[in-house]
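Student: Okay, handing you the structure first.
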Amino acid sequence: MRITIVGTGYVGLVTGAGFAEFGHDVTCVDVDAKRVEMLNRYEMPFHEPGLHELVRRNAMHGRLSFKTNLREAVIGSLAVFIAVGTPSGEDGSADLKYVIDAARDIGRAIDGYCVIATKSTVPVGTADKVRAAVAAETKHPFAVASNPEFLKEGDAVNDFLKPARVIVGADDQRAIDLLRDLYRGIMRTTDRIQVMSIRSAELTKYAANAMLATRISFMNELAAVCEVVGADIESIRKGIGSDPRIGPKFLFAGAGYGGSCFGKDLRALAHLGKELDVPLQVVNAVDRANERQKRLLGERVTKHFGGRLDGKRVGIWGLAFKPETDDIREAPALTLIEQLLAVGAQIVGYDPVAGPNIKALLGDRIEVAPDPYTAAQGADALVLVTEWHELRQPDLARLAVAMRTKVLVDGRNVWPRDEALAAGFAYYGIGRPDPGR
Ligand SMILES: NC(=O)c1ccc[n+]([C@@H]2O[C@H](COP(=O)([O-])OP(=O)(O)OC[C@H]3O[C@@H](n4cnc5c(N)ncnc54)[C@H](O)[C@@H]3O)[C@@H](O)[C@H]2O)c1
């Protein structure tokens with residue numbers, strides 16, 4: 001089936017390459033000409049495991065192409081997916097400017113019946129706005145649908161090719177049949193398509209992110225209790241995670257969540273509640289708790305050194321908002337860096353892939369080291385922010401020689417605390433008592 005994807009960010013590019021892998025004829029469109037040029041050379045605009053190979057293979061087989069000209073792409077397409085950004089507006093609402101611009105462009109370009117499906121995360125009621133924007137530009141028949149995306153950066157290709165479910169919000173049977181047909185490639189084992197109303201589909205995406213974020217903030221708050229009462233959040237995590245009603249995922253206390261979605265989507269959901277006069281107290285609290293949590297690592301380092309860090313060097317391991325991505329949007333490392341710079345510290349960061357993005361954002365305000373042990377060289381403290389596999393088991397003997405002061409702040413509770421203490425390091429985790437207590 002011939003389809004168009006509008007936007008070649010994490011969602012658009014993975015979706016386009018994924019549908020091409022199922023054998024569809026896919027054109028991806030972006031307003032960013034430089035990005036389109038890169039993609040036409042099979043160069044990736046961001047790091048996502050497995051995506052490069054998927055794009056290259058499908059493009060070489062002629063099933064996947066990239067353009068800036070939306071009209072050329074849309075002509076003859078039976079489905080057009082909107083996968084552009086929906087950033088936070090000043091009041092926390094989702095800014096729909098890019099979605100509506102894309103809808104207007106699509107309206108001008110369609111030349112026969114097609115389904116216009118929104119993959120971007122958008123507030124309830126957006127499909128009506130998309131429908132109105134398209135209808136204002138065309139006389140051709142079309143249907144709108146909501147097809148929110150649930151992929152995780154770092155594992156996005158797998159998530160697209162083997163999704164837990166595909167949510168289709170639509171009220172037009174022809175659109176439902178067409179979308180089912182498009183996703184047939186993933187339905188070999190079970191029918192993972194859930195059809196619902198458009199509004200339910202739009203809200204399902206926010207509900208999923210809000211639920212995941214709630215689990216994280218809940219555990220972070222309990223970790224604070226653990227520190228006061230001398231309990232260990234790791235024991236509690238295992239204790240509750242083994243209950244099948246709760247399950248083990250998203251229960252890790254840590255440095256707070258980051259990324260382009262959780263914060264933005266919680267703020268948008270909270271804004272929707274306000275607009276509707278439906279109090280969403282849990283959602284508001286989750287985001288507030290996370291903002292507090294993101295400052296915890298910085299407070300820990302600052303407190304250890306008595307408030308000021310002039311002349312102190314702090315190494316940071318992990319800069320991306322989570323492992324396996326180079327995305328630094330709303331990353332906890334950014335909060336930590338700003339906190340430490342404000343009290344006079346010198347920062348040396350290391351990340352397997354996000355270094356160039358941090359450098360582009362912060363320039364000479366921090367150093368970026370080529371490997372983890374260079375980042376630790378001469379450091380007065382070393383902080384783990386992102387638990388990349390290669391950073392989970394530090395060589396403590398090597399760190400003891402490299403560092404000026406032996407202070408470890410483990411923002412993910414993955415470093416070997418007892419060994420670190422035995423080797424003479426000061427060790428700070430999250431929600432873990434001092435074993436001497
Ligand atoms: N990143 C994720 O993990 C993720 C997961 C699920 C859902 N989402 C949602 O999907 C949407 C996209 O997220 P993303 O991370 O892929 O965004 P992104 O910022 O990485 O990419 C958006 C792309 O859209 C392009 N664009 C903007 N306006 C355009 C237009 N009119 N025509 C063509 N291209 C246009 C931009 O140039 C950019 O390349 C957001 O609503 C987000 O909340 C993101």
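The values are calculated or read from the model by the stated rules, or taken from the named source; none is laboratory data. Not measured: the values here are computed from a predicted model. Cβ coordinates were reconstructed from backbone atoms using ideal geometry, including for glycine residues, and neighbour counts include every protein chain displayed. Note: areas computed on protein heavy atoms with side chains; ligands, DNA, RNA excluded. Shrake-Rupley method; radii C 1.70, N 1.55, O 1.52, S 1.80 Å.
Student: Which residue pairs have Cβ atoms closer than 7 Å, lie 6 or more positions apart in sequence or on different chains, and pair a first residue in the range 1-26 that is within 16 Å of residue 84 (Cα to Cα) with a second residue that is within 16 Å of the ligand (Cβ to nearest atom) and among the basic types (Lys, Arg)?
Tutor: 8/35; 11/119; 15/119
Student: Can you pull out the residues in the range 122-137 that are in a loop (DSSP other than H, G, I, E, B) and closer than 14 Å to residue 102 by Cα? Even if it seems obvious, please write down each step before you answer.
Tutor: Initial filter on the range 122-137 (in a loop (DSSP other than H, G, I, E, B)): 122-125, 136-137.
Result: 122, 136, 137.
Student: Something else: Step by step: first the residues of the range 154-168, then only those that are part of a helix (DSSP H, G or I) and more than 10 Å from the ligand (Cβ to nearest atom), then the one that is farthest from the chain's Cα centre (by Cα). Which residue is that?
Tutor: Pass one, the range 154-168, residues part of a helix (DSSP H, G or I): 156-161.
Narrowing the set further to residues that are more than 10 Å from the ligand (Cβ to nearest atom) leaves 157-158, 160-161.
Working: 157: 14, 158: 15, 160: 15, 161: 18 Å.
Here the answer is 161.
Student: Looking for something over 18 Å from the mean Cα position of the chain (by Cα), within 18 Å of residue 407 (Cβ to Cβ) and part of a loop (DSSP other than H, G, I, E, B) - is there at least one such residue anywhere in the range 321-344?
Tutor: yes
Student: Out of contact with any Cys (no Cβ under 7 Å at 6 or more places or on another chain) and among the charged types (D, E, K, R): which single residue out of 177, 232 fits that description? Don't jump to the end; show me each part of the working.
Tutor: Numbers: 232 fails: out of contact with any Cys (no Cβ under 7 Å at 6 or more places or on another chain).
Exactly one of 177, 232 is out of contact with any Cys (no Cβ under 7 Å at 6 or more places or on another chain) and among the charged types (D, E, K, R), namely 177.
Student: Ok, one more. Out of 71, 35, 63, report the one residue that is farther than 20 Å from residue 167 by Cα and away from the ligand (no atom under 13 Å from the Cβ). Steps first, answer last, please.
Tutor: Details: 71 fails: away from the ligand (no atom under 13 Å from the Cβ); 35 fails: away from the ligand (no atom under 13 Å from the Cβ).
After applying the criteria, what remains is 63.
Student: What number of residues within the range 279-292 are over 17 Å from residue 88 (Cα atoms), at pLDDT 95 or above and either open to solvent by 70 Å² or more (accessible area, probe 1.4 Å) or touching a His at 6+ places or on another chain (Cβ under 7 Å) (or both)?
Tutor: 3
Student: Still on this structure: Only one of these is within 10 Å of the ligand (Cβ to nearest atom) and open to solvent by less than 20 Å² (accessible area, probe 1.4 Å): 54, 13. Name it.
Tutor: Numbers: 54 fails: within 10 Å of the ligand (Cβ to nearest atom).
Answer to the selection: 13.
Student: Working only within the range 116-153, note down all residues that are touching a Phe, Trp or Tyr at 6+ places or on another chain (Cβ under 9 Å), open to solvent by 30 Å² or more (accessible area, probe 1.4 Å) and more than 16 Å from the ligand (Cβ to nearest atom).
Tutor: Once the filter is applied, which keeps residues that are touching a Phe, Trp or Tyr at 6+ places or on another chain (Cβ under 9 Å), open to solvent by 30 Å² or more (accessible area, probe 1.4 Å) and more than 16 Å from the ligand (Cβ to nearest atom), the range 116-153 yields 131, 135, 140, 141, 142.
Student: Next up: Out of all the residues in the range 99-115, is one or more touching a helix residue (DSSP H, G or I) at 6+ places or on another chain (Cβ under 8 Å), under 23 Å from residue 156 (Cα atoms) and open to solvent by 10 Å² or more (accessible area, probe 1.4 Å)?
Tutor: no
Student: Exactly one of (1) in contact (Cβ under 8 Å) with a residue 40 or more places away in the chain; (2) open to solvent by 60 Å² or more (accessible area, probe 1.4 Å); (3) farther than 26 Å from residue 282 by Cβ is unmet by residue 230. Its number?
Tutor: It fails just one condition, (2).
Student: Checking the structure you have, find out if any residue of the range 364-374 is under 20 Å from residue 330 (Cβ atoms) and assigned to a helix (DSSP H, G or I).
Tutor: Residues of the range 364-374 that are under 20 Å from residue 330 (Cβ atoms), as a first pass: 365-366, 368.
If we keep only those that are assigned to a helix (DSSP H, G or I) too, we end up with 365.
Yes, that holds for at least one residue.
Student: Further question on the same structure: Name every residue in the range 177-227 that is open to solvent by 40 Å² or more (accessible area, probe 1.4 Å) and over 29 Å from residue 118 (Cα atoms), in order of residue number.
Tutor: 218, 221, 222, 224, 225, 227
Student: For the range 240-261, how many residues meet the condition of being open to solvent by 30 Å² or more (accessible area, probe 1.4 Å) and not in a loop (DSSP other than H, G, I, E, B)? Can you show your working first?
Tutor: Within the range 240-261, the subset open to solvent by 30 Å² or more (accessible area, probe 1.4 Å) is 240, 242-246, 248-250, 252, 261.
Next, from what is left, pick out any that are not in a loop (DSSP other than H, G, I, E, B): 240.
Of the residues in the range 240-261, 1 are open to solvent by 30 Å² or more (accessible area, probe 1.4 Å) and not in a loop (DSSP other than H, G, I, E, B).
Student: Continuing with this model, one more query. Any residue in the range 169-187 that is within 16 Å of the ligand (Cβ to nearest atom) and free of Cβ contacts under 8 Å to residues at least 60 places away in the same chain? Walk me through how you get there before you give the answer.
Tutor: The initial filter retains those residues of the range 169-187 that are within 16 Å of the ligand (Cβ to nearest atom), namely 169.
Within this subset, residues satisfying the condition of being free of Cβ contacts under 8 Å to residues at least 60 places away in the same chain are 169.
Yes, that holds for at least one residue.
Student: Something else now. Out of 76, 85, I need the residue that is among the small types (Gly, Ala, Ser) and within 13 Å of the ligand (Cβ to nearest atom). Which one? Quick ask: steps written out before the conclusion?
Tutor: Details: 76 fails: within 13 Å of the ligand (Cβ to nearest atom).
85 is the lone residue from the list that is among the small types (Gly, Ala, Ser) and within 13 Å of the ligand (Cβ to nearest atom).
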